[in-house]
Amino acid sequence: MPASKYEEIYRSIKAEIENSTYTRGDFLPSENEYVQRFGCSRNTVRRALAMLSQEGYVLARHGAGVQVIYQKNPDSLNLFSVGGIESLAEAASRNAKKVRTKILVFETVVCDEELSLKTGFDTGEKLFHIERLRVIDGEPLILDINYFLVSEMPDLTKEIASHSIYDYLEHDLGMTITNSRRRVTAEPSTKRDEKYLNLGHQHFVLAVAGQVFNTKGIMFEYTESRHRPDRVCFIQSAVRQKI
């Protein structure tokens, strides 16, 4: 199942901003121009622009248009930046990096009480337990420990996991991934971290634990990603809500 039209537009404009087709201070083409370009409604264009605004790429200025506010940080050119809900393949493309995935563990487990407390899955649920080492431009930077709900993707394979699970879920299964809750902490490194991430003199990692939900309100994923602290940065954009 193809991505929705607004997601296609969002990704296209986002790529143009990131590759400097439009730079900070530039105004994007008008909504009407995007309607003509993509063959869609104004509401579809507005939805794509709203996503870009939420992620800190653009700012809608009343009476003036939509202005680019995104700017690459020169201090982070050697870092791998992680943002919203995206696959590693998408993050690698955004960072202009090459990624390779090594599967360390691929098995099916039944969620016990201890795992339920950690992940939020119900006791007795059947889960895929996957551990993947993410090698980016030849450097091992991320150790992913994933739990996926088998009932939402019963035909998931090791081959799919070695590429992009999100691509499989969205394009093959037609799942719509909506939101996540994440916690970022600095934690002492484990022997497993030190074995795979080449930490050197560093004795801690940046750990990101998160639950991910789809449009059915089902939590289908719990992931703990352990990152090399010297080569990964996290970027978050926020919009202040009026009270």
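Remarks
- Between S4 and T215, the simple label model (points 7 Å from Cα in the Cβ direction) yields a spacing of 0.6 nm.
- Whole-Hz ³J(HN,Hα) from phi, Karplus 6.51 cos²θ - 1.76 cosθ + 1.60, for region 36-43, glycine and proline x: 5, 5, 9, x, 9, 8, 5, 4
- Taking the inverse of the mean reciprocal distance over all distinct Cα pairs, the Kirkwood hydrodynamic radius of region 5-68 comes to 11.5 Å.
- Taking all pairs of distinct alpha-carbon atoms in region 74-234, Kirkwood radius in angstrom: 16.3 Å
- Here's the list of lysines a cross-link from K5 could span, going by alpha-carbon distance under 28 Å and ignoring same-chain residues fewer than 8 apart: K14, K72, K97, K98, K216.
- Backbone HN-Hα couplings from phi across region 52-66 [Karplus 6.51/-1.76/1.60, Hz, Gly and Pro as x]: 5, 5, 4, 8, x, 8, 9, 9, 7, 10, 4, x, 10, x, 10
- Percent RCO, i.e. relative contact order, over region 74-234, from Cα pairs under 8 Å lying at least 6 residues apart: 24 percent
- Across region 178-192, coupling constants 3J(HN,Hα) worked out from phi with the 6.51/-1.76/1.60 Karplus curve, θ = phi - 60°, read 10, 8, 9, 10, 10, 10, 10, 9, 9, 10, x, 6, 9, 4, 5 Hz, and Gly and Pro carry x.
- Summarising the amide proton neighbourhood of C233: residues at separation of 5 or more, or on other chains, whose placed amide H is nearer than 5 Å comprise F80, S81, V82.
- In a reduced charge model with +1 at each Lys and Arg Cβ and -1 at each Asp and Glu Cβ, region 5-68 shows a dipole moment near 180 debye about its Cα centre.
- Using the Cβ-Cβ distance between A186 and T23 with R0 set to 35 Å, the FRET efficiency from 1/(1 + (r/R0)^6) comes to roughly 0.55.
Each value in this text was obtained by applying a stated rule to the coordinates, not by laboratory testing. Source: prediction; values computed, not measured. Note: ideal-geometry Cβ built from the backbone for every residue, glycine included; neighbour counts use all protein chains shown.
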